[in-house]
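The structure appears below as structure tokens.
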Amino acid sequence: MDHIFTINKKINKSVDTNKHLSFTKLEKSTLCSISSSNVVAFSTDCNIEEAGSLFRNSNVYVCDLNSPWQVHKILSNSSPVSVLQWDFTGDLLLVADENGSIKIYKAKDHILNDWTLVLQTVLEGEHILSAAFFHSGKKICLNSEKKDSALYTEKFHHVKFACSVKQFGGRPASGALLLTTTGMLCSILLPQSTSQVSMVMATESLAPTRIFIKAADICYGKNGHFLLAVSNGDLSMPIQCYKVSVRKIEDKCVITSQSLLSFFLFEAPKEALMEQVSKEKNSHISHIKWIMREDADSVVVSATSDKISCLQVWELREKALPVHKSLGKSETPQFFNTVLWQYQCHFQYNSKVTSLATSKLSLLNNVSSGYVVATFADNSIHCLYRDTLKHLANITLTICPRYFDEPLARYPKTSIKISNIDMSLLGNILLVIDSDDSLHMFKLPPQIDSSTPLSVPYCTTILEYCMMSGFDWLDLLLVLRPGMLDAICDRLTESFNRQPSAVQQFFYVQYLCMKISLCRLSVQGQVKAHDLAQFLMLHSISTAFKSLLRPSEMSSHDKSPADSLANVIAEGQTDVDKVLMHLEAKEFTVEPSTLQSLQQLIQWVADLALNLLVKLPDSRPSMGKLYELLRDVKALNMLREMLVLIRIWGLLRPACLPVFIKSDGSLDVLALLFRLLSRLVQNVNEPDDTLIDECCLLPSQVQIQLLLPSNNRAVLASPQLVQQILPLQLEYNNDPECLMSSTDSGTTQTVDSIRHLYLGRTPRAIKQCVRCGGSAGTILVTRTAAIRAWDQRWLRSCQCGGLWRMQVYT
């Protein structure tokens, strides 16, 4: 368990030290939660944006795990926040407090620092204790019987899992189930965008009579129901379990609760030392967690006091009980199968439990392959095996208040305690928030095979799982060792190339994004990452251009215009005008207004061709050299296809053609580029000297606009991280210089990485990717159907998969 970073708030030196220290000693309820897209939501008890503020107020902030120091406040609440819960997609965030207020937020237009309130309601006088969004019914797991299979469709399989609430046609409903400290259940169905029905809300008692609840947890059953484990905190009282179902009947919501088997902690063997815990002052049940979030049959319970704590795991097992012969139908011994709670194991520690977390994801269906992480009042963090509670790793969080520049020895280091913890979805990262509103991040051992360090096969399997499920893989990137990157890239490439063509085509963009993110982690991989990013953009433009082509009525529908173009390109013709003679002109006709709106994309394709050919004389192939776009035959043929399309469209609309500054006005640049690329494709490894000489002449014939990477922002997933001494000491809303990339874009202009337009030196407002640092304009350009579709392609995320963040310059 390596400590990666600590983020502190800025403290005003004018604030009285004694007041600040007494403020941190107060009982505080700060929470943190990581979504499936690796966006962090956390609550604080003061405004971290105001240095030295002693005004106690519950605030909720969000940030991306790649740049967690850039925080954005979405809520300021008068009552302490008691629940922070993300939905499965990471789009919706539920915030509930101790006064019954329920709010669900969503990022407006997928901008990370602009959130809008989707729903708001209140349960008067209720302290909301726990919440869970409805399950969508989608669950993908690693097939244990075929986990070594080369095919993704065999290696991973969809597990039969029912959605929590069904709508008309069996569609899963979107909503949440909440539980209060008085035993009230509340279900909320979010209004559908296509329906005029407002929010549907229902309440019901968990038990036949209302009960007091102090600790609770919710997990999902495979038949669409919820499983709830609750306790009133009294060690002498049982841990009660309930099966809760939510149904939508017409425009109403119905909740049914059924009591299940319960168990007492004192039923555990004497070595669990429950009697010793109960004799201590303030002994109580502090936390309950289901071992797995989906289809769990085990629960971990923490019984704690001020001096000693005990964690117990109980499992629901089927047991055969003998039936008396007088009650049986025959004289042979008979057995009656029943389900009972059975004690499994325990873990004891001489300190008070402050927080408890279990792994969110089960890669192997019905196999517990994760951890239980517990934190204690002495700020120690213990990582335990989920089924046996055997000790795996531990670390003590050393928290030093940074109030002044004076020696830290003057201030007590025990006044700040760990408040809450949460694991990332893939289980590679542990996030900790303390009572001083500081965030800490730790590295966790591998989820499946924890006996060995992080291995290449394990990392490749996790990346393949993210490709199939759509989950974000950033937390895996943050724990990789630099020496593993090339091996993981090679193994992922080999695995992907063995997939059927249909599977490759469907996941191709996701696959390229993964390779780019891996290459960006090393200094040596920056050039490769830049080439792959250019290929990803070229692939996207090619897809967009070919989608505009429509077969004519007279031609055969067996072949699309794109297939006809690919077949002609494969013949190796070097003259672009002779290629046009083999194509049906009607199939490549596009509206002139549409072509004009695509001019900036057409210009980028031509600039890319120029940049590649100019690099040819200096690029000599060598053994074991990394990927080069210049040597990729598939990319070069794709570029040739685009040049042919540009040539055809230039005849329809000359204004859409790329603009070149030439030394000779009669030079046909497009024809020259196509001819040089066609000759290069014939032998990419050993181009002839005549071709190299012609490429050397290009800079004197035409002015070349260089396409350089423009990543000049600080992020965690970067080569600079491994060069630092951990843990990093960071500060909210202050970019760390130690993680700043030294890449120079060669221009002071801001370039739109999506539309490929120059936005000026300091545009008023731009969207910036939190992962790669790419920029995108916010002002609408010519709105044709084609360019609108292109903009919507990148509305949700950048081409690298990162979220957008609005950056405003004053």
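Computed from the coordinates by the stated procedures, all read-outs in this text should not be read as laboratory data. These numbers come from a predicted model, not from an experiment. Cβ coordinates were reconstructed from backbone atoms using ideal geometry, including for glycine residues, and neighbour counts include every protein chain displayed.
Points to keep in mind about this one:
- Region 95-162: trypsin sites (Lys or Arg not before Pro) falling in loop per DSSP and having at most 12 other Cβ within 10 Å: Lys160
- When +1 charges are put on Lys and Arg Cβ atoms and -1 charges on Asp and Glu Cβ atoms, the dipole computed for the chain relative to its Cα centre reaches about 1140 debye.
- Between 0 and 90°, nearest 10: helix 633-652 axis offset from the chain longest Cα axis: 60
- Across Lys166/Lys289; Lys578/Lys662; Lys352/Lys417; Lys528/Lys615; Lys319/Lys360, pairs whose alpha-carbon gap is larger than 22 Å: Lys166/Lys289; Lys578/Lys662; Lys319/Lys360
- Length released on extending from Thr398 to Leu697, taking residue separation times 0.36 nm less the Cα-Cα span: 101.4 nm
- Exposed loop positions in the chain were taken to be chymotrypsin sites (Phe, Trp or Tyr not before Pro) whose DSSP state is not H, G, I, E or B and which have at most 15 other beta-carbon atoms within 10 angstrom. Between these positions, the longest stretch is 405-808.
- Positive-pole candidate from Ser542, Trp290, Val808, dipole of the chain, charges at beta carbon: Trp290
- P(r), alpha carbons of region 208-355 - 10 Å bins starting at zero, rounded %: 10, 34, 28, 18, 8, 1
- Taking a straight Cα-Cα cut-off under 15 Å and skipping sequence neighbours fewer than 8 places away in the same chain, the aspartates and glutamates within cross-link reach of Lys767 are Asp64, Asp109, Asp114, Asp752, Asp791.
- Ordering Ser67, Ser78, Leu117 by Cα displacement along the dipole of region 51-153 toward the positive end leaves Ser67 in first place; charges were set at the Cβ atoms of Lys, Arg (+1) and Asp, Glu (-1).
- Among the GluC sites (Glu not before Pro) within region 58-135, those in coil by DSSP and having at most 11 neighbouring Cβ atoms inside 10 Å are Glu124.
- Quick note on region 502-622: its Rg to Rh ratio, both from C-alpha atoms and Rh being the Kirkwood radius, is 1.02.
- Student exercise, region 201-341 dipole from Lys, Arg, Asp, Glu Cβ charges, in Debye to nearest 20: 160
- If the Kirkwood radius is taken over C-alpha pairs of region 198-261, then at 10 °C and 1.306 mPa s the Stokes-Einstein diffusion coefficient equals 122 µm²/s.
- A simple charge model with +1 on the Cβ of Lys and Arg, -1 on the Cβ of Asp and Glu and nothing else charged puts the dipole of region 105-258 at about 520 debye relative to its Cα centre.
- All-pairs alpha carbon distance profile, region 418-526, 5 Å steps from 0, percent: 2, 11, 21, 21, 18, 13, 8, 4, 2, 1, 0
- Folded to 0 to 90 degrees: helix 599-615 orientation relative to the chain principal axis, Cα: 80
- Extension gain, Ser198 back to Leu117 (0.36 nm per residue minus Cα-Cα distance, nm): 27.7 nm
- Value of [θ]222 nm, deg cm²/dmol, for the chain, DSSP H segments ≥ 4, -39500 (n - 2.57) each, nearest 500: -7000 deg cm²/dmol
- Translational diffusion of region 585-714, estimated by Stokes-Einstein from the Kirkwood radius over alpha carbon pairs at 4 °C in a medium of 1.567 mPa s, is 81 µm² per second.
- Paired Rg and Dmax values of the chain, which use every Cα atom, in angstrom: 30.2, 108
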